[in-house]
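Engineer: Please read through the structure below; I'll follow up with questions.
Quick note: the coordinates plus some simple rules give every number you see, no bench work behind them. As the structure is a computational prediction, the values presented were derived from the model and not from experiment. Note: ideal-geometry Cβ built from the backbone for every residue, glycine included; neighbour counts use all protein chains shown.
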């Protein structure tokens, strides 16, 4: 059997969204989706490979902003709130998996993705209007997934370029002696957009890899480099920690809103949950992998946020790397973490590519399939790069998109999906109350996060270079 690339193979089997000869349900199951259909057995993921992907999808740039998030919440409130948000996020992932499995069994399908799950649940809901317009549930989820995942990819572009610029242009003032970082007055030698364009061709080549089984090798490399950078960060922040009793237990309400945005942004892997389950050799083992992986993620997040804030206190910067000494040892942290983010880009990119590419390639002849596939991948990478280059204050644009789309995908939609899916199956009042409460929390975070981002966008923006810390801190505003 030919090992045709999965995305391209599904694209050839799919039909146009405008094909009126098929029902909406049939068309939606064959066209755009967050992931491919079950892969050939040889290409499926083992438990360890799935765990590696899951860890890498959730350990991204948001992790580095958790110490300042803790600063915005207070040491006690921040620790408890991060634990609660982590538990709720994991619970929403479990809800999504359970609903998708239930709907796939009900519809006698081997796999149901996020958008299809929303559509199929609406098709059986009590409200006649929602049943009639159920396909818009899939369109809405697919749009939010595309915006969220490409938004992450744009942030990754900025993060990698920013760190590369720091390493290169601070090289002449970087020493072998590691002392607390001092403010530096450095005019940039090359525009940061030059570094983005330097990274662009390498990312284009990376996203040409379509198989998650192959990507697991790069995901392993990403985990190794990320682990190395984490070890160095913890090695520094655990030394001579000041007395934490001087830190406030609770910060102001306004600052807590910034904490909420950072925490939600940090848990960025819900878009990969169903694709990973679909690609496993034994999908029934995914629940164990999910609980194990996300438990490790929550523990890491709490330790990074708590110890980072206790170490630097009120001087905690928007990214913890900005607090590290300006020596070669800790400059390597930026390099290793950037390498990890580089490979994570391909994982985050895999999701929107799985939605867009099957539809595009279904519109061309067989001989143009490969060209269309690679062209779309190149164009999408170019879009994330161009966004990072030309959109003013991209960090706040990303914060705005994340407040809307990330909160919706991670906290608002999964509980509503559970309510709609199991409403006719005698749900308990406790479950209904729980789902409503979680959706309300997500909605409040969405509203206030959007307000905060819009407020920041209205404030004057200075391009002056005061010092390296201030300059680079502006690039990390998206973390909260």
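Engineer: Can you sort 448, 260 so the residue with the fewest Cβ neighbours within 10 Å comes first?
Structural biologist: Working: 448 19, 260 23.
If I rank by nearby Cβ atoms, fewest first, I get 448, 260.
Engineer: So if we plug the beta-carbon distance of residue 428 and residue 303 into 1/(1 + (r/R0)^6) with R0 = 35 Å, what FRET efficiency do we get, rounded to 0.05? Don't jump to the answer; show the numbers that get you there.
Structural biologist: Numbers: r = 36 Å, r/R0 = 1.02.
Taking R0 as 35 Å, the efficiency between residue 428 and residue 303 is 0.50.
Engineer: Now for a different question. In what sequence, highest mean first, do 141-151, 305-315 appear when ranked by Cβ atoms within 10 angstrom? Let's see the in-between values first.
Structural biologist: Numbers: 141-151: 22.9, 305-315: 20.2.
In descending order of packing, they fall as 141-151, 305-315.
Engineer: Continuing with the same structure: Mind giving me the nanometre distance, one decimal, between the label points for residue 110 and residue 255, set 7 Å out from Cα along Cα→Cβ?
Structural biologist: Using points 7 Å along Cα→Cβ, the separation is 5.4 nm.
Engineer: Of the peptides 112-121, 353-362, 323-332, 404-413, how do they stack up when ordered by the mean number of other Cβ atoms within 10 Å, highest first? Present the calculation step by step, with values, prior to reporting the outcome.
Structural biologist: Working: 112-121: 27.0, 353-362: 22.3, 323-332: 17.9, 404-413: 24.2.
So the peptides 112-121, 353-362, 323-332, 404-413, ranked by packing, come out 112-121, 404-413, 353-362, 323-332.
Engineer: Once R0 is set to 25 Å, what does the formula 1/(1 + (r/R0)^6) return for the Cβ-Cβ distance between residue 47 and residue 371, expressed as a FRET efficiency to the nearest 0.05? If you can, show how the numbers build up before the last one.
Structural biologist: Details: r = 36 Å, r/R0 = 1.46.
Calculated value: 0.10.
Engineer: Oh, and also: Rank the residues 429, 92 as a footprinting-exposure proxy: fewest other Cβ atoms within 10 Å of their Cβ go first. Walk me through the intermediate numbers first.
Structural biologist: Numbers: 429 7, 92 26.
By the 10 Å Cβ count, ascending: 429, 92.
Engineer: Still on this structure, please answer the following. I need the peptides 104-110, 373-379 ranked by packing, meaning the mean over residues of other C-beta atoms within 10 angstrom, with the highest value on top. Walk me through the numbers before you get to the answer.
Structural biologist: Values: 104-110: 12.0, 373-379: 17.4.
Listed from highest to lowest mean packing, they are 373-379, 104-110.
Engineer: Right, next: Quick check: pseudo-label points 7 Å beyond the Cα along Cα→Cβ at residue 208 and residue 172, how many nm apart are they?
Structural biologist: About 3.8 nm separates the two model spin labels.
Engineer: Just subtract the alpha-carbon distance of residue 287 and residue 386 from 0.36 nm times their residue separation and send over the number in nm, one decimal. Write out the running numbers ahead of the final one.
Structural biologist: Numbers: separation 99, 0.36 × 99 = 35.64 nm, distance 3.80 nm.
Computed gain between residue 287 and residue 386 is 31.8 nm.
Engineer: Answer rounded, prolate or oblate for the range 304-446, using the Cα gyration tensor with square roots of eigenvalues a ≥ b ≥ c: rounded when a/c is under 1.5, else prolate when a/b is larger than b/c, else oblate.
Structural biologist: Here the range 304-446 falls in the oblate category.
Engineer: Suppose R0 equals 51 Å; then what is the FRET efficiency for residue 245 and residue 458 from their Cβ-Cβ distance, rounded to the nearest 0.05? Provide the component values of the computation, followed by the final result.
Structural biologist: Details: r = 38 Å, r/R0 = 0.75.
That gives a FRET efficiency of 0.85.
Engineer: If I take every Cα pair under 8 Å that is 6 or more residues apart in the range 48-479, average their sequence separation and divide by the length, what percent do I get for the relative contact order?
Structural biologist: 35 percent
Engineer: Pairs of alpha-carbon atoms within less than 8 angstrom and 6+ residues apart define the contacts here; what relative contact order does the range 294-427 have, in percent? All intermediate terms of the calculation are to be shown ahead of the outcome.
Structural biologist: Details: 23 pairs, mean separation 11.3, N = 134.
That works out to 8 percent.
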